Amino acid sequence: MDSFVVFLLVALCFSCLVLFVRTRALSSELKRERKLGVLKSAFIRNLGNEIRTPLLSMRRHARMIADEAVFLSKDEKKGISGQLNFNVDLISTLLDEMSSCMGNTEERKVKYDNFSPNLICQQCILTNMNNTYLVPEVNLRFRREIEDSTFVRSDTRIVELILNKLIINACKFTKKGEIVIGCTTKDTPDFLNIYVEDTGDGIPADRIGYLFDWFDNPHDGADAEFDLSIAQMMAVKIGGLLSLDEKYSPGTRMVLSLPMRQ
């Protein structure tokens, strides 16, 4: 009889252990599913916002081409064609990178090529002139600090995507003044720093420590942190780093640092 009781106790303990392990696994799976749900919601919301800007630019160019009263020179046609291709590539890269962030196994590989940082900045400014968040009271402009002959080797499309995210965020939170995009190697000759600075309200002190970890700790209502978290992952992917210049005032200054040599 005693042996039978012991057997029952052991069996009961084992069953409780199995139930505990399964409960922990189920709880972990539920947390993962909830996190994935938050990620998907944020992904869809931000994807719609980001795609809208290049699409508006493409629509503006399409209207220009269709207007019979507008005569376009060869250079103008070439410029419009280049901008349309830029927007198409931007949307394609955005979809590829967002898909990879959501767990798609067909992740876009890094494609290194040489590009002009000054040209990339000016292209991104041109694209964001139709940004729905850009208000008339804000001047979006380029600041030239390095020679146009300066070239950097990195993934051009990913750099464009990061810069557009930074510009879109700056437009969201800047209601007057200016947004300035520029490049510099000052104080960091081994790195190119591409910056986006604005005269907005700045980032609240209690949010600074969470800017780049949204994907690790997702929460609703933090679109800027979602964008910056993705941008940081992409920056690291191409050997760079995204940072906040905490000494900059007033407003916000985000810096994408890329190695000059790879």
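The values are calculated or read from the model by the stated rules, or taken from the named source; none is laboratory data. All values derive from a computational prediction rather than experimental measurement. Cβ coordinates were reconstructed from backbone atoms using ideal geometry, including for glycine residues, and neighbour counts include every protein chain displayed. For accessibility, only protein heavy atoms count, side chains too; no ligands or nucleic acids. Shrake-Rupley method; radii C 1.70, N 1.55, O 1.52, S 1.80 Å.
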Any residue in region 225-245 that's within 17 Å of Phe191 (Cα to Cα): show its pairings with residues that are open to solvent by less than 10 Å² (accessible area, probe 1.4 Å) and among the polar types (S, T, N, Q) at Cβ separation under 7 Å, as long as the two are six or more apart or on different chains.
Ile238/Ser154
Hey, among Ile65, Ile80, which residue is among the β-branched types (Val, Ile, Thr), surrounded by 16 or more Cβ atoms within 10 Å (Cβ to Cβ), assigned to a helix (DSSP H, G or I) and modelled with pLDDT of 75 or more?
Ile80
Here is a check on your reading of the model: is Ile146 more than 30 Å from Phe226 (Cβ to Cβ), modelled with pLDDT of 90 or more and either of a type in the set (Val, Ile, Thr) or in contact with a Leu (Cβ under 9 Å, 6 or more places away or on another chain) (or both)?
yes
Picked from region 103-116 (must be surrounded by 13 or more Cβ atoms within 10 Å (Cβ to Cβ) and in contact with a helix residue (DSSP H, G or I) (Cβ under 8 Å, 6 or more places away or on another chain)), the residue modelled with the highest pLDDT is Phe115
Kindly provide the set of residues from region 213-240 that are modelled with pLDDT of 75 or more, open to solvent by 40 Å² or more (accessible area, probe 1.4 Å) and in a helix (DSSP H, G or I), ordered by number.
Met233, Val236, Lys237
Scan region 196-216 for residues that are more than 16 Å from Asp227 (Cβ to Cβ) and touching a residue at least 12 places away in the same chain (Cβ under 8 Å) and report the count.
4
Can you name the number of the only condition in (1) in contact with a Cys (Cβ under 8 Å, 6 or more places away or on another chain); (2) part of a helix (DSSP H, G or I); (3) more than 16 Å from Thr252 (Cβ to Cβ) that Leu163 fails?
(3)
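On the basis of being surrounded by 21 or more Cβ atoms within 10 Å (Cβ to Cβ) and modelled with pLDDT of 90 or more, does Ile168 make the cut? Break it down into steps so the answer makes sense when it comes.
Numbers: surrounded by 21 or more Cβ atoms within 10 Å (Cβ to Cβ): yes; modelled with pLDDT of 90 or more: no.
No; evaluated as a whole, the condition is false for this residue.
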Could you look through region 180-212, keep only residues that are polar (S, T, N, Q) and more than 18 Å from the chain's Cα centre (by Cα), and pick out the one that is least open to solvent (accessible area, probe 1.4 Å)?
Thr184
